[in-house]
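The structure under discussion appears below in the form of structure tokens.
The values are calculated or read from the model by the stated rules, or taken from the named source; none is laboratory data. Owing to the predicted nature of the structure, the values given are computational and were not obtained by experimental measurement. Here the Cβ positions follow ideal geometry from the backbone for every residue, glycine too, while neighbour counts run over all protein chains shown.
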Amino acid sequence: MFTPSAEHSQSQRVAGAAWLSGARQEPVRCSPRLPGTKAGRCHTFTLLPRDTSIRAARNTVGETLCGWGAGDTEDVVDTVKLIVSELVTNAVRHAGQVTALISVTMLLDSQGGFQLGVRDGDQERPHASPVPSDATSGRGIHIVQTLLGEAGGHCSTECHRDGGKTVWITIPCAFR
């Protein structure tokens with residue numbers, strides 16, 4: 001079991017805390033999904049399909065973006081953290097029964113465009129449904145669409161032949 005201490009570096013403490021909370025860091029080769037852009041930075045991590053993974057995803061995304069020097073764009077970082085929370089919540093709630101691991105991929109291209117993908121084991125595309133005003137859940141996709149609209153971004157879903165899907169969000173010029 002990993003117990004962070006003073007002699008561990010900040011990155012070791014973050015990785016250890018992520019491991020304990022269900023996040024698994026995995027090196028991966030990525031290429032940007034935006035046409036005409038060059039690769040910048042990429043980070044992928046996996047999560048168990050459980051409620052504690054929602055916070056782990058939000059924290060890992062925030063720490064990664066700050067590590068990439070995006071901390072001075074706090075509004076955008078907060079927006080991306082809220083979006084990943086909603087997408088991972090959907091993966092846990094709606095695909096958790098058929099998903100061994102949820103995968104989160106972050107891509108930052110050389111022009112500051114940002115993409116985030118959340119992959120789960122269910123091929124059903126997320127959709128915004130009408131929600132009664134007194135409901136305490138069911139607004140996740142509405143929230144994601146609103147935040148992306150304000151940021152000039154969009155959302156798409158990629159279905160995989162081997163099962164599952166990745167929900168991608170794209171925010172052009174997010175971190176210029």
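Working carefully through the options A56, A23, find the one that is of a type outside the set (F, W, Y), modelled with pLDDT of 90 or more and in contact with a Ser or Thr (Cβ under 9 Å, 6 or more places away or on another chain). Reasoning before the result, please.
Numbers: A23 fails: modelled with pLDDT of 90 or more.
Answer to the selection: A56.
Exactly one of (1) modelled with pLDDT of 80 or more; (2) surrounded by fewer than 19 Cβ atoms within 10 Å (Cβ to Cβ); (3) among the charged types (D, E, K, R) is unmet by E86. Its number?
(2)
Within the stretch 64-80, track down each residue that is surrounded by 18 or more Cβ atoms within 10 Å (Cβ to Cβ), free of Cβ contacts under 8 Å to residues at least 60 places away in the same chain and not aliphatic (A, V, I, L, M).
Selection gives T64 alone.
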